[in-house]
Amino acid sequence: MIKYILKCKNKHEFESWFLNSIEFEKLKKKKLIKCIYCKSQNIEKSIMSPKIVGSSKKELENLSSNKEFIKVKKDLIKIRKFVEKNFEYVGERFPQEVRNVYYDKRKNNNIYGTASNKEREELKDEGIELTSVPWIKDKEN
Ligand SMILES: [Zn+2]
């Protein structure tokens, strides 16, 4: 997945995650991207910031003690809520479902789930780059 900072015509900025840049263009064309503040569909990409974030427990622990991370933690909770609200959870079927999206066999492109490192490598070989997001719970700390 890829993170874009989006800007609506009213200059609201918000972050959103997409499977890849192609998916962003597709959703934009279909007017499926809305400003989270004013629901405007007039959205432009602001800064592209693809980020690969480790999701293993150790990496998360390292992140948790990092000041930068504490700052972004609120954002991660927002992202999580956004994903949960707007994306379909496919769990361990994720690698297969991602392929379906990639090869245009799927209607709902907004999916999330889990993939092992091996599955991620295989997808990467097929040209599908994933980004994992640390899944932050509201009540942690
Ligand atoms: Zn707006």
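Values quoted throughout were computed directly from the atomic coordinates according to the rules given, and no laboratory measurement underlies them. All values reported here derive from a predicted model rather than from experimental measurement. Every residue, glycine as well, gets a Cβ built from its backbone with ideal geometry; the counts of neighbours run over all protein chains shown.
Taking label positions 7 Å along the Cα-Cβ direction at both residue 25 and residue 114, the computed distance is 3.4 nm, reported to one decimal.
What ranking do 14-20, 36-42, 89-95 get when scored by the average of other Cβ atoms within 10 Å per residue, highest first?
Numbers: 14-20: 19.9, 36-42: 12.9, 89-95: 15.1.
Highest to lowest by the protection proxy: 14-20, 89-95, 36-42.
Here's the picture: charge each Lys and Arg Cβ at +1 and each Asp and Glu Cβ at -1 in region 71-110, and of 87, 76, 98 the one pushed furthest to the positive end of that dipole is 76.
Amide hydrogen proximity for residue 111: with H placed 1.01 Å from N in the peptide plane, the residues at 5 or more positions away or on another chain lying under 5 Å are 88.
Take the cross-link list 31/74; 39/73; 9/81; 45/105; 9/29 and give me the ones stretching past 22 Å between alpha-carbons. Please list the in-between numbers first.
On the way: 31/74 27 Å; 39/73 24 Å; 9/81 24 Å; 45/105 26 Å; 9/29 16 Å.
Beyond 22 Å between Cα atoms: 31/74; 39/73; 9/81; 45/105.
Compared with the alpha-carbon gap, the fully stretched path from residue 5 to residue 89 is longer by 28.0 nm at 0.36 nm per residue. If Lys and Arg each add +1 and Asp and Glu each add -1, what is the summed charge of the other residues whose beta carbon sits under 12 Å from the beta carbon of residue 28? Computed value for this residue: +3.
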